[in-house]
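Undergrad: The structure follows.
The values are calculated or read from the model by the stated rules, or taken from the named source; none is laboratory data. Remember, it's a predicted structure, so these values are computed and weren't measured experimentally. Glycine gets a Cβ as well: all are built from the backbone with ideal geometry, and neighbour counts include every protein chain shown.
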Amino acid sequence: MPKEESLDKKLNQPLPKEAIKQREGGRGMMLDYLEGWWVKQNANKIFGVDNWNYLPIWEEMKHIVLPDYKDRQGKIKKTGLYTIPGKVTVIINDKKVTKSDIGVVQYYGEEGKEMAIKGCVTDSLKRCFSAFGEQFGLLLYDKGDTTPPTTRIKGQKPFLSQIQLMEKFGMDTSQKAPKCQLCGAVMRLVPRKDGTALFWGCPKWREGCKFACNVDDVDLEGTITKKQAGRPKQAKTEVKVEKEETVEDIPF
């Protein structure tokens, strides 16, 4: 079984570049991830084949039904999420160390349910192992911001976090985000199309809320100080669901 000192050293080593794969997510985003088989192989190498095990908790599996969506051919299809918690137990210095997490996968169409369940098991395993350190992709699950640091669009520069946007445009990083005056959602900084400035936009724009305001019209406490003219109409209650994202794009 692995000794604690040598184990810590191994777990803190950076991931080999060849282990990090990429897939295209919603809106053309390229997402970094580790393949399930590679995580198992690495666990065998670091902990030993007989010194770890993974157990999905089937009795706690949940199925969450989401609103129907239209595919590119205009056909109405069912969609939803499966969540399966699991736990990984590793023997270190004759002691059992257990890490747990939840796998989440979205399916599109009834035919995708079986693959979603299988994907949940693998996702849970990978998330459990990520708690052991960088060798299992811990940095790929960075939750410091809703936009992962490894997320980028083909042919474009990486997305910047809210703090990074503030720093780039000379804003005070203690700035608090305002709330949308129409729907109450916490607004986010958005670069203008020409890249010359930022504005505060409502995150519920897909649902029809187009409220926005200039950064100069918001004080450090997040209060909108200037009356906004020409407010858009209230967001529609019907939400249009597009086949754009899979659950793995969401930073749980």
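Undergrad: Please count how many residues of the range 184-220 are acidic (Asp, Glu), over 14 Å from residue 166 (Cβ atoms) and modelled with pLDDT of 90 or more.
TA: 2
Undergrad: Identify, from the list 89, 122, the residue that is surrounded by fewer than 18 Cβ atoms within 10 Å (Cβ to Cβ), at negative phi and in contact (Cβ under 8 Å) with a residue 12 or more places away in the chain.
TA: After applying the criteria, what remains is 89.
Undergrad: Does any residue of the range 56-64 turn out to be out of contact with any Gly (no Cβ under 8 Å at 6 or more places or on another chain), at pLDDT below 95 and either within 19 Å of residue 33 (Cα to Cα) or hydrophobic (A, V, I, L, M, F, W, C) (or both)?
TA: No, every residue in the range 56-64 fails to be out of contact with any Gly (no Cβ under 8 Å at 6 or more places or on another chain), at pLDDT below 95 and either within 19 Å of residue 33 (Cα to Cα) or hydrophobic (A, V, I, L, M, F, W, C) (or both).
Undergrad: Return yes when residue 115 is farther than 22 Å from residue 8 by Cα, free of Cβ contacts under 8 Å to residues at least 12 places away in the same chain and assigned by TED's automatic domain parsing to the domain that holds residue 14 and no when it is not.
TA: So residue 115 fits the description; yes.
Undergrad: Something else about it: Kindly indicate the residue of the range 186-201 that is in contact with a strand residue (DSSP E or B) (Cβ under 7 Å, 6 or more places away or on another chain) and in a loop (DSSP other than H, G, I, E, B) and also surrounded by the fewest Cβ atoms within 10 Å (Cβ to Cβ) among those meeting that condition.
TA: 192
Undergrad: Condition first: surrounded by 15 or more Cβ atoms within 10 Å (Cβ to Cβ) and closer than 19 Å to residue 61 by Cα. Now tell me which residues in the range 92-111 satisfy that.
TA: Answer for the range 92-111, where residues must be surrounded by 15 or more Cβ atoms within 10 Å (Cβ to Cβ) and closer than 19 Å to residue 61 by Cα: 99, 100, 101, 102, 103, 104, 105, 106, 107, 108.
Undergrad: Based on what the data block shows, is residue 137 modelled with pLDDT of 90 or more and on the phi > 0 side of the Ramachandran plot?
TA: In short, no.
Undergrad: Right, something else. Residue 241 passes all but one of (1) touching a Lys or Arg at 6+ places or on another chain (Cβ under 9 Å); (2) more than 30 Å from residue 17 (Cβ to Cβ); (3) at pLDDT 50 or above; which number fails?
TA: Answer for residue 241: the failing condition is (3).
Undergrad: How many of the residues making up the range 52-65 are out of contact with any helix residue (DSSP H, G or I) (no Cβ under 7 Å at 6 or more places or on another chain), farther than 16 Å from residue 115 by Cα and surrounded by 15 or more Cβ atoms within 10 Å (Cβ to Cβ)?
TA: 1
Undergrad: Here is a further query. Every residue in the range 202-217 that is surrounded by 15 or more Cβ atoms within 10 Å (Cβ to Cβ), of a type in the set (D, E, K, R) and not in a loop (DSSP other than H, G, I, E, B), please.
TA: 207, 217
Undergrad: Give the residue that is farthest from the chain's Cα centre (by Cα), with candidates limited to residues of the range 51-85 that are closer than 15 Å to residue 132 by Cα and of a type outside the set (S, T, N, Q).
TA: 52
Undergrad: With (1) modelled with pLDDT of 80 or more; (2) farther than 16 Å from residue 214 by Cα; (3) not assigned by TED's automatic domain parsing to the domain that holds residue 64; (4) not in a helix (DSSP H, G or I) as the list, and residue 175 as the residue in question, which single condition is left unmet?
TA: Here residue 175 meets the rest and fails (2).
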